[in-house]
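Everything on this sheet refers to the single structure shown next.
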Amino acid sequence: MSDKNIKYVIVTGGSKGLGLAIVKALADDGYYVIAASRTRTESIDKLIQDGGSISFEELDLKNSEEIHGWVKRIIGRYGVPYALINNAAIAHDGVLGTMHESQIEEVLRVNVFSAILLTKYISRAMLVRRRGRIVNISSIIASTGYNGLSVYAASKAALNGFTKSLARELGRLNITVNSIAPGYMETDMSSGLDEMQLEQIQRRSALRRLAKTDEVASAVQYLISEKASAITGTIITIDAGNTA
Ligand SMILES: NC(=O)c1ccc[n+]([C@@H]2O[C@H](COP(=O)([O-])OP(=O)(O)OC[C@H]3O[C@@H](n4cnc5c(N)ncnc54)[C@H](OP(=O)(O)O)[C@@H]3O)[C@@H](O)[C@H]2O)c1
């Protein structure tokens, strides 16, 4: 990233699925985008090769103790980010009673604890600039519930609570904090759903279809744009009317 005037954005889980769509949309908007996840995928490589103003940085949110050092390295290399998109997450589905403690711990660590730590260190750097945008990717499941996803739901509800209080904390410093709650999208995360479950979700949605990753990515584009300067502490649902 040579031009210091270009705003740069960190997207966790930017290697595939919704994160990849967000990376592409933000790079198209002229931001320099850091896609961070464990695996450098062919898809992210292709975006970089096609000339996108994008870099990939390895990050494992399971290793919470490494997050502070990671943020220091990233800020040393690229400067203070304009925005952080907390998109990376995992979902171990299963009935709570039979779920391994290690799986419960992993979901909460990756989806909540590490996202909070990342936000702590990055927002601290944003304070000096008195500007910044934080977008947390939640889920409609935080408020609707879904059989077999109680821990995942807890993690997403935690992010919504985090969003609202942090918005109050950072508002006077001109940093906005919002959540986006997508409905079901076809990505690796939802690949466990069978045809029947997908059809049922579509049938129950006002628009009779699923939301697409690009449609959720456009909400991120909007939230970090100047047009959304007065929006903070909100949860925007994008679910093709599944919860309407
Ligand atoms: N798909 C849906 O129906 C749906 C619905 C509502 C909300 N969401 C939310 O949307 C967001 C994106 O989900 P998706 O559907 O795009 O899922 P996905 O295709 O499974 O992608 C998840 C992303 O998170 C990254 N990730 C997972 N574990 C990580 C770790 N330990 N450290 C760093 N990165 C990690 C993955 O990269 P690596 O594996 O390379 O680390 C990947 O880039 C999530 O917050 C999810 O909860 C999804």
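If you build the Cα gyration tensor of the chain and take the root of 5 times each eigenvalue, what three semi-axes come out, in whole angstrom, biggest first? Mind showing how you got there, number by number?
On the way: eigenvalues 151, 77, 70 Å².
Square roots of five times the eigenvalues give 27, 20, 19 Å.
Taken one residue at a time, the phi angles of segment 46-51 give Karplus couplings (6.51, -1.76, 1.60, θ = phi - 60°) of 5, 4, 5, 5, 6, x Hz. Gly and Pro are set to x. Taking 0.36 nm per residue of separation and subtracting the current Cα-Cα distance, fully stretching the chain between ALA244 and ASN160 would add 28.3 nm.
A straight line joining the Cα centroids of segment 111-157 and segment 82-99 runs 10 Å.
Here the 3J(HN,Hα) profile of segment 153-161, calculated from phi with Karplus coefficients 6.51, -1.76 and 1.60 at θ = phi - 60°, is 4, 4, 5, 6, 5, 4, 4, 5, x Hz, Gly and Pro shown as x. Candidate cross-link partners of LYS46 among the lysines, defined by an alpha-carbon separation under 20 Å and a same-chain spacing of 8 or more, comprise LYS16, LYS24.
Remark: spin-label model distance ARG208-SER225 equals 3.0 nm, labels positioned 7 Å along the Cα→Cβ axis.
Ranked for footprinting exposure by Cβ neighbours inside 10 Å, fewest first, SER205, SER114 give SER205, SER114.
Distances between placed amide hydrogens fall under 5 Å for THR237 paired with ALA181, all partners being 5 or more residues away or on another chain.
Could you work out how much longer the chain between GLU101 and THR41 gets when fully extended? Use 0.36 nm per residue separation minus the Cα distance between them, nm to one decimal.
Values: separation 60, 0.36 × 60 = 21.60 nm, distance 2.97 nm.
Full-extension gain reported as 18.6 nm.
Estimated from helices alone, the mean residue ellipticity of the chain at 222 nm is -12500 deg cm²/dmol (sum of -39500 (n - 2.57) over DSSP H runs with n ≥ 4, per residue).
Amide H contacts for TYR184 (H built 1.01 Å from N in the peptide plane; partners 5 or more residues away or on another chain; cut-off under 5 Å): ALA211.
Could you please report the charge total around ASN63, scoring K, R as +1 and D, E as -1 over all other residues with beta-carbon less than 15 angstrom from its beta-carbon?
Details: positive: ARG38, LYS62, LYS72, ARG73, ARG109; negative: GLU57, GLU58, ASP60, GLU65, GLU66, GLU105, GLU106.
Cβ neighbours under 15 Å give a net charge of -2.
Among the listed pairs LYS7/LYS164; LYS120/LYS164; LYS7/LYS212; LYS164/LYS227; LYS164/LYS212, which are separated by more than 18 Å between their Cα atoms? It would help to have the intermediate numbers written out before the result.
On the way: LYS7/LYS164 25 Å; LYS120/LYS164 15 Å; LYS7/LYS212 26 Å; LYS164/LYS227 20 Å; LYS164/LYS212 26 Å.
Violating the 18 Å limit, Cα to Cα: LYS7/LYS164; LYS7/LYS212; LYS164/LYS227; LYS164/LYS212.
Read-outs: derived from the displayed coordinates by stated rules, not from any lab. Please read these numbers as outputs of a predicted model, since none were measured by experiment. Here Cβ is always computed from backbone atoms with ideal geometry, including for glycine, and neighbour counts include all displayed protein chains.
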